[in-house]
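For reference, the structure is listed below as structure tokens.
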Amino acid sequence: MPGGDVVEGGAAVAMLGTRKMVPGEDRRHGVTVAAQAQPDRWWFGLGRPTRPIEAGEGRPDGGRAQTTQGYLWAFTADEAQRSVWWGTVSNAVGGGIATLAGDFAGSGLGVPVQPWDDPDNVTCEFASSYNAVHDVPPAQDIVGDVVPVQVWQHDIASGTSVERTPDAQQCPDFDRLAGLRAAGSIGDVVFLGGIETTTSGGAQAGGTVMLLAYHTDGTFLGWQRFPEWDNIKNFVVAGGRLYFGVSLAETGEAGTGSGPNPPTGSVQRWRGTAANPFRFEEVGLLGNQPTYFTVHQDRIVTGTWVGTGSSEPAGVYVSPPLHELSTRTRTGWQLVFTAAHLFPDPLTAAAMVSFAVTSFEGWIYATFGIPSVAPSLTRHLATHPDQSGGSFPDLAMAYLRSSPGGVVYRIKDPGQLNQQVELLYGERRYWVFDPDSEDWALRDNLLHQNPRFGGGGFGTRFNDYVGWGAAVFRGKLYLGTFNTEKVLRDITLNPTTGLLNQILRRPVPAVEAALWRQLASRLVFRDERTAGQVWVFDDADSPARPLTTTGFNNACNWGIRGVLPVGDEHLFFGTNQGWQYPTEPRDDPPRRAGWQLLKLTPAAAGDGTATGLLQDLLLKLRIT
């Protein structure tokens with residue numbers, strides 16, 4: 001399979017009524033499935049070894065097919081825009097929960113890492129997996145569900161996708177990687193940045209960075225480990241040069257970076273060639289890890305995630321002018337806004353990260369969100385342990401108050417005396433825990449603004465991430481979200497997983513767990529089709545409108561992280577999910593496990609065909 005397996009997108013379909021539909025397809029908006037993760041491993045039971053599925057192989061006795069590659073994570077197009085490249089993450093539910101184990105342990109809650117098997121959604125084995133017990137990389141300890149990840153290249157003209165995963169001779173350490181998180185391209189060189197597994201979590205937790213380099217024709221150029229870095233997220237081309245951001249494995253000395261806090265993040269600029277690709281220079285030294293990038297008025301703007309050992313809240317930095325960027329000016333980046341300037345509760349502010357920053361119509365559109373369903377809640381419980389009360393309703397209330405929906409705001413004239421900040425989607429008042437009264441109270445946001453357009457998460461409380469991916473295409477700004485409804489319904493509240501038992505540290509009768517799940521489904525999660533979303537700003541004066549609220553008709557797509565324009569002809573989306581099942585299309589609601597590469601072609605939207613109109617009508621009537 002590595003280095004040449006070819007797949008065609010959109011091959012598998014589901015029947016809805018008398019028509020065919022591919023989960024991930026939205027014909028009324030011109031969205032088709034360009035490529036789709038396929039079932040890739042046979043699973044034989046808890047604690048037993050799995051093995052890859054061979055092409056054309058029938059189902060073995062006792063085997064169940066799994067789709068393990070759920071995240072299309074690293075995402076880029078080559079400079080000539082002939083092909084799209086991406087890297088994956090496997091089994092994101094098991095890896096994600098393992099990453100949160102330390103947060104749960106420090107909060108007084110139980111650590112939910114006992115294995116379960118749910119053939120409708122996902123199987124998680126944690127430290128009980130065969131790979132963890134027998135030290136089969138990349139699995140380690142409770143991070144036992146991760147399996148080797150993949151590299152793919154999609155030819156836009158032919159519509160074919162070729163796997164470019166390096167083999168053991170090309171990259172002997174490739175199987176250490178828990179995920180490929182960042183990708184960028186310039187000239188004839190494509191980079192993918194991966195993160196090695198650690199015992200403290202999957203790729204989401206960070207680990208030693210490994211860079212892979214390819215020629216745009218698919219030739220593997222080489223690889224290199226960088227133990228001085230422990231996370232990588234995005235690349236950007238600015239002024240004809242390639243840049244990327246990393247988290248530093250060791251915190252720098254106070255006063256040696258941009259701002260008063262010890263530096264924990266670095267901006268690197270490429271100085272290499274195709275023959276010698278791994279040459280970089282540091283042109284930014286920041287208080288936190290630079291993650292998302294945009295170019296605005298001849299400067300690089302980056303949002304940050306809190307780095308290892310950092311006390312600085314996540315926020316937005318602006319670089320010196322592009323022509324001044326060098327190793328000598330690496331401390332000249334300016335922090336212009338942080339989560340502590342918006343959220344009145346300091347623990348909530350500290351839990352926030354910055355997602356996409358995008359230059360659009362003279363503004364920098366920026367976002368805040370909590371990077372999973374737990375960190376703000378667990379920080380509050382660790383600091384104020386009595387608020388959970390030990391019951392599920394108390395815990396749910398603490399979660400809802402400590403973990404607001406994602407925020408969209410914008411900045412004009414960043415770093416100037418006349419800097420403006422405007423809240424677009426968020427709340428006028430946020431919950432704050434008052435330790436004196438030992439209760440929650442609503443307090444004004446620190447901008448003292450009403451949101452211009454609506455509530456957090458684009459008005460959807462469980463859009464925890466807004467701007468997980470973002471891009472301007474044909475003069476409009478597209479923002480992807482991560483929606484946690486299916487995660488909460490089908491993992492946290494699912495009696496099959498036993499998570500409530502583990503988190504609450506007491507047996508929760510199956511009847512009680514089923515009751516909470518049913519109540520949540522009827523009162524909160526009312527539509528099982530709700531999934532990852534894409535919202536579009538047509539201009540700076542209008543509210544965003546939804547392009548999809550159903551993961552493009554695939555309820556398994558909990559998020560849209562990749563948003564990648566290719567000229568004015570196509571806009572590609574990369575989807576993210578953690579489900580292993582169903583491995584084939586289902587229609588109750590429409591869904592299929594595994595990452596998807598989706599292609600929006602405006603010329604194909606609203607074509608008025610009978611099939612497209614029927615799909616539109618059935619979706620509006622909720623006929624499935």
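Tabulated data
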{"quantity": "Unique match (being over 18 Å from the mean Cα position of the chain (by Cα), more than 24 Å from Phe293 (Cα to Cα), at pLDDT 95 or above and among the polar types (S, T, N, Q)) among Thr549, Thr609, Thr583", "calculated": "Thr583"}
{"quantity": "Residue within region 251-261 that is surrounded by fewer than 18 Cβ atoms within 10 Å (Cβ to Cβ), modelled with pLDDT of 95 or more and not aliphatic (A, V, I, L, M) present", "calculated": "no"}
{"quantity": "Condition check for Gly179: over 25 Å from Pro375 (Cβ atoms), part of a strand (DSSP E or B) and small (Gly, Ala, Ser)", "calculated": "no"}
{"quantity": "From the options Leu335, Leu325, residue that is aliphatic (A, V, I, L, M) and open to solvent by 40 Å² or more (accessible area, probe 1.4 Å)", "calculated": "Leu335"}
{"quantity": "Scan of region 472-490 for residues that are among the hydrophobic types (A, V, I, L, M, F, W, C) and open to solvent by 10 Å² or more (accessible area, probe 1.4 Å), ordered by number", "calculated": "Val472, Phe482, Val487, Leu488"}
{"quantity": "Matching residues, region 229-250, being outside any strand (DSSP E or B) and either buried (at least 19 other Cβ atoms within 10 Å of the Cβ) or among the hydrophobic types (A, V, I, L, M, F, W, C) (or both)", "calculated": "Ala249"}
{"quantity": "Test for Ala274: is it part of a loop (DSSP other than H, G, I, E, B), over 13 Å from Ile300 (Cα atoms), open to solvent by 60 Å² or more (accessible area, probe 1.4 Å) and of a type in the set (A, V, I, L, M)", "calculated": "no"}
{"quantity": "The listed residue being within 30 Å of Thr99 (Cα to Cα), in contact (Cβ under 8 Å) with a residue 12 or more places away in the chain, in contact with a Ser or Thr (Cβ under 6 Å, 6 or more places away or on another chain) and crowded, with 18+ Cβ neighbours inside 10 Å, out of Tyr365, Tyr399", "calculated": "Tyr365"}
{"quantity": "Boolean, Arg526 is closer than 25 Å to Gly108 by Cβ and not aliphatic (A, V, I, L, M)", "calculated": "no"}
{"quantity": "Number of positions in region 528-549 that are part of a loop (DSSP other than H, G, I, E, B), in contact (Cβ under 8 Å) with a residue 40 or more places away in the chain and not hydrophobic (A, V, I, L, M, F, W, C)", "calculated": "9"}
{"quantity": "Verdict on Thr88 being surrounded by fewer than 24 Cβ atoms within 10 Å (Cβ to Cβ) and assigned to a strand (DSSP E or B)", "calculated": "no"}
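Let's see how each residue does on (1) closer than 30 Å to Ser83 by Cα; (2) in contact with a Phe, Trp or Tyr (Cβ under 8 Å, 6 or more places away or on another chain); (3) polar (S, T, N, Q):
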site	(1), (2), (3)
Leu493	no, yes, no
Gln518	no, no, yes
Arg522	no, no, no
Ala531	yes, yes, no
Leu547	yes, yes, no
Thr583	yes, no, yes
Arg592	yes, no, no
Leu597	yes, yes, no
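The values are calculated or read from the model by the stated rules, or taken from the named source; none is laboratory data. Source: prediction; values computed, not measured. Positions of Cβ are backbone-derived with ideal geometry, glycine not excepted, and every protein chain shown enters the neighbour counts. Accessible surface is based on the protein model in full, side chains and every heavy atom, while ligands, DNA and RNA are left aside. Shrake-Rupley method; radii C 1.70, N 1.55, O 1.52, S 1.80 Å.
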